[in-house]
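Everything on this sheet refers to the single structure shown next.
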Amino acid sequence: MGLDFSVIPKYIDIILLGCAWTIGITVAAAILSFAGGIVFAVIALYAPWLIRQPFRFFEWLFMGTPLLLQLFLIYFGLVQIGIDLPAFVAGIIGLGLHFAVYNSELIQTAILSVDKGQMEAARTLGLSRTEALRKVVVPQAVRAVIPPIGNNMIALLKDSALVSVIGVSELTLSAQRAIGATYRPFEFYLLAAACYYVINLAMEWVQRKIERRISISR
Amino acid sequence: MTDQTNFVEIRHAQKSFGTLEVLKDISLSVERGQIVGIIGSSGSGKSTLLRAINDLDPLTGGEVWLDGVQVNQALSHRQYEKHINQMRQQVGMVFQHFNLFPHMTARENVTMAPKMLKGLSQAEADKLAEEQLDKVGMLERIDYYPSQLSGGQKQRVAIARALAMKPKLMLFDEATSALDPELVEEVNHVMRKLAEEHMTMIIVTHEMDFAASVCDRVLFMDQGVVVEEGPPSLLFTNPTQTRTREFLRKHLEGAK
């Protein structure tokens, strides 16, 4: 039997719902990874030693182990100590923290590359170091890292397929369900791929918009 | 103790980086409304001395007093942070490389600190920005970003930003050194205007003509000490020290 795309309309609502979950989880995790990235970067650079050291371990944990394992730990592991998260929440936290660590690396480098005269100028006006970081240094660093963070966010979208293994009916799992009912893997996986492609394009478009809005040149 | 100190008073300032001594026991006092110029070759310690006044480069020894309050007090870290932020609000500083905030417009550059630290409303802050930018002749560029401004314009905005905190004292660290020659005068003009308003100023500069025309007193520094000081009419025309004569002669040759 050849390809037969006529089965798709009957299952299109499952696939679209899957798309919605994928988009929702990706956007939520992206926001978490961005905000988390800023916080982690500031901790890594400026927190006292006692906070920085445990944080290093946490960073290593998220960079040095598979994302899949991290999702299992958050979803199945935390239950044992009484933290029972809905699967999609566990997915958002796992993806968000994982990519926050990667974003943090980018933001740290960007913070260090902001001219030190910027901090000096802010301090001479009377701002505290924290205020100067918040209003002057970090905003510049964040602007500089929007493009590479955009790349991370596309990786995040693709890795969101992993949350299917903890039972979130996102795009990949929805495609699998449709395949289970129709035995038409090629058609539905192709459809899912096309959906990822479109979401990807949309994300790139949003990224360009953001870049244009906040980009600065010295 | 308030009565015993001048408006700005530096006592036995000493600063070393490792074994390198950049300031060797410098004492200096400046009266309210006075304009003091500091000249000297690079590495003479003049910028370090200026930056010690608002503790940007903390001294390793000695005291800095501003208006009866010691700037570099020995306090606990937390208290010191609070104290120094208070002190710095009273001291405006202008840098060689402007250090404008590139992600903010001229207006935002000027209003950011007053809004944060003095709790100005947006309306009050806008009024302040218009006043200060008008003063430096940059009102028509109020919503421009630094990248859209020339060097001279950037420096004028930077001066407006410092003035917006209503400082008691202005420090200029080679404010025109990074400018193209044709842009120097517009910045000098603003500084002259401040001088006419009797703003207390300490000016580190390479421009002898400007120092001569604006300053009440000029200090010549070399190798971490003040070699000679006096009114510009004397120091520039009739220096007593060989090192001063040497420096001025070289500088004159360089200017030709």
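The values are calculated or read from the model by the stated rules, or taken from the named source; none is laboratory data. Since we're looking at a predicted model, the values are computed, not measured. Cβ placement follows ideal geometry from the backbone for every residue including glycine, while neighbour counts extend to all protein chains displayed.
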Please tell me if B:D180 is buried (at least 20 other Cβ atoms within 10 Å of the Cβ) and closer than 21 Å to B:H97 by Cα.
no
Does B:A195 satisfy being under 28 Å from B:W65 (Cα atoms), in contact with a Gly (Cβ under 9 Å, 6 or more places away or on another chain), in a helix (DSSP H, G or I) and of a type in the set (A, V, I, L, M, F, W, C)?
no
Quick check on the range B:161-183. Is at least one of its residues farther than 29 Å from B:L49 by Cβ and either out of contact with any Leu (no Cβ under 8 Å at 6 or more places or on another chain) or not basic (K, R) (or both)?
yes
Consider only pairs whose beta carbons are under 7 Å apart and that are at least six residues apart or on different chains; among these, list those whose first residue lies in the range B:7-36 and is farther than 13 Å from B:G224 by Cβ and whose second residue is of a type in the set (S, T, Y) and surrounded by fewer than 20 Cβ atoms within 10 Å (Cβ to Cβ).
B:V8/B:S29; B:E9/B:S29; B:I10/B:S27; B:R11/B:S27
Has the range A:147-166 got at least one residue that is over 14 Å from the mean Cα position of the chain (by Cα), crowded, with 21+ Cβ neighbours inside 10 Å and farther than 19 Å from A:M63 by Cβ?
yes
Please determine whether any residue of the range A:155-174 is modelled with pLDDT under 95 and under 16 Å from A:Q108 (Cβ atoms).
no
Helices (runs of 4 or more DSSP H) within the range B:72-173 that include 3 or more residues among the hydrophobic types (A, V, I, L, M, F, W, C):
B:106-118, B:122-135, B:151-163
Could you tell me which of the residues A:Q118, A:Q108 is assigned to a helix (DSSP H, G or I), within 14 Å of chain B (Cβ to nearest Cβ), over 16 Å from the mean Cα position of the chain (by Cα) and not charged (D, E, K, R)?
A:Q118
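Rundown of residues vs (1) touching a helix residue (DSSP H, G or I) at 6+ places or on another chain (Cβ under 8 Å); (2) at pLDDT below 95, yes/no style:
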| position | (1), (2) |
| --- | --- |
| B:D173 | yes, no |
| B:A178 | yes, yes |
| B:V187 | yes, no |
| B:I202 | yes, no |
| B:V225 | no, yes |
| B:E229 | yes, yes |
| B:T240 | no, yes |
| B:L248 | yes, yes |
| B:E253 | no, yes |
Boolean, A:I15 is farther than 24 Å from A:I111 by Cα and surrounded by 15 or more Cβ atoms within 10 Å (Cβ to Cβ)
yes
Residues (in a helix (DSSP H, G or I), facing chain B (nearest Cβ under 7 Å) and of a type in the set (A, V, I, L, M)) located in the range A:122-139
A:V136
